[in-house]
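The values are calculated or read from the model by the stated rules, or taken from the named source; none is laboratory data. Not measured: the values here are computed from a predicted model. Here the Cβ is made from the backbone with ideal geometry for all residues, glycine too, and neighbour counts use every protein chain on show. These area figures cover heavy atoms from the full protein model, side chains too; ligands, DNA and RNA do not enter into them. Shrake-Rupley method; radii C 1.70, N 1.55, O 1.52, S 1.80 Å.
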Amino acid sequence: MVEMEGDSGRVPEKEVDNAEDEIEVRNEDTNNINNNNNNIINNQQQQLKKKKNKKRRSSSLARFGCLRVESDENGGVDMEVELPGERNNPTHLVIMVNGIIGSAQNWRFSAKQFLKKYPQDVIVHCSERNSSMLTFDGVDVMGDRLAEEVKYVISRHPRVEKISFVGHSLGGLVARFAIARLYEHDHTQESSETNGDYGTDHLGDSCPEGKSRGKIAGLEPMNFITFASPHLGSRWHKQVPLFRGSHALEKVAARISWLLGRTGKHLFLNDGKNGKPPLLLRMVSDCDDLKFMSALQSFRRRVAYANAGYDHIVGWSTSSLRRRNELPKIKHLPRGDKYPHIINVETAKTARLDEVSFEAINGNEKINMEEEMIKALTKLSWERVDVHFKGSRQRLLAHSTIQVKSRWLNSDGADVVQHMIDNFLL
């Protein structure tokens, strides 16, 4: 009996193996089902995220339109906004000019901010005609190139009516030369003034400067803005902070200025020959063929942004068009919350332009050349905006940070760029 009970209670080994295999198969099926369910859930979540992103993109496009970036055959970059379902005809052309060894990419951040603020009003052209090593060819050669580039851009956008220039560093000087080449005297304005009608500036004041208002390449001049531009050159008197006021270093720099090509000679005022004043000195007067001051005067606004410190390339005095004893005391200047790196804004004062004569200038007296330049340029009204990157990790790159040359390296200058855009005259 026992043996029989034992035989009847024992399960054959083959049946046990089959049962274990069946259990394993069921477990695998269960795991596969769970994995499939997880994959389905993940796919659904990803699809939901994509839909949300598409909705966000579509809503932003509906609000801001599409950013159209177009490069011309000369390498310049045009940027404008195309609004969906609307015909966009911006009438204000903004020309942005790079500094030494720069390119159109240096102004890319600022151009985008312009278009965010004024999507229906402006076309921004980042000049590329004078880039990289071409910036050593001299202010006059670069100015001629820029003038031709502006004419070409206008021919591609025949609906524009107004023009503004924004130049960084050397680009400010190049722009000053180019506008003289593009300047056209407005005879209709002259006839109205002979009848006693004088224009008013954007602040509403009577404007004696209006008697020499003109056109720039046939367009109405609006804003002429410079960022850290050496308007007085780079020679002597701490105009290059890197030399720390050392007369010996300044003297050596002036002698080896040829290393920067003709541009170096122009910046260090070493190009005067045969009794002819240096180019920067000539650019503070109206010559027979180039009306430098009349062209500059024709703009509704002239603005000089200047680094009050940490700029090792261009000094505060030359970029803000002030004598050194006229510079404000930094420690007494407050900071705002909206533009934390702007410490001082000096509004424009109406001024009358008198013709500057070269006869009283002795090209051998450096201080007189600087003084004659500042006297002539400040006979025009300028808005001055002083910038200080104290406390910023990017302060040692102040010369590039003021224009946000690179979004990653110079982002602290974004408030300065925004200040320019917020006060831009359309």
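Some observations on this one:
- Within the range 374-426, the set of residues being charged (D, E, K, R) and in contact with a helix residue (DSSP H, G or I) (Cβ under 6 Å, 6 or more places away or on another chain) comprises R384, K405, R407, D412.
- Restricted to the range 268-282, and to residues there that are closer than 12 Å to S234 by Cβ and free of Cβ contacts under 8 Å to residues at least 40 places away in the same chain, the residue that is least open to solvent (accessible area, probe 1.4 Å) is F268.
- Listed by position, the helices (runs of 4 or more DSSP H) contained in the range 314-426 that have at least 3 residues being in contact with an Asp or Glu (Cβ under 6 Å, 6 or more places away or on another chain), open to solvent by less than 60 Å² (accessible area, probe 1.4 Å) and modelled with pLDDT of 85 or more are 398-401.
- Flag: V94 matches the condition of being crowded, with 17+ Cβ neighbours inside 10 Å, of a type in the set (A, V, I, L, M, F, W, C) and either under 24 Å from M420 (Cα atoms) or modelled with pLDDT under 95 (or both).
- Yes/no for A175 being closer than 22 Å to F114 by Cα, of a type in the set (G, A, S), part of a helix (DSSP H, G or I) and in contact (Cβ under 8 Å) with a residue 24 or more places away in the chain: yes
- Residue-level check: of (1) part of a helix (DSSP H, G or I); (2) among the β-branched types (V, I, T); (3) without any contact (Cβ under 8 Å) to a residue 40 or more places away in the chain, I101 misses just (1).
- Within the range 342-354, residues that are under 13 Å from A304 (Cβ atoms) have Cβ atoms under 7 Å from residues that are at pLDDT 60 or above and of a type in the set (S, T, Y) in these pairs: A348/S381, counting only partners at least 6 apart in sequence or on another chain.
- Within the range 100-109, none of the residues are open to solvent by less than 20 Å² (accessible area, probe 1.4 Å), farther than 30 Å from G264 by Cα and modelled with pLDDT under 95.
- Qualifying residue in the range 213-235 (condition: surrounded by 20 or more Cβ atoms within 10 Å (Cβ to Cβ), at pLDDT below 90 and more than 28 Å from T401 (Cβ to Cβ)): yes
- Among the residues of the range 118-126, not a single one is out of contact with any Lys or Arg (no Cβ under 9 Å at 6 or more places or on another chain), assigned to a helix (DSSP H, G or I), at pLDDT 95 or above and within 18 Å of V417 (Cα to Cα).
- Selection count, the range 140-169, where residues are farther than 14 Å from W107 by Cα and buried (at least 24 other Cβ atoms within 10 Å of the Cβ): 6
- Answer residue from the range 265-300, given it is among the small types (G, A, S) and part of a loop (DSSP other than H, G, I, E, B) and is nearest to D137 (Cα to Cα) among those: G272
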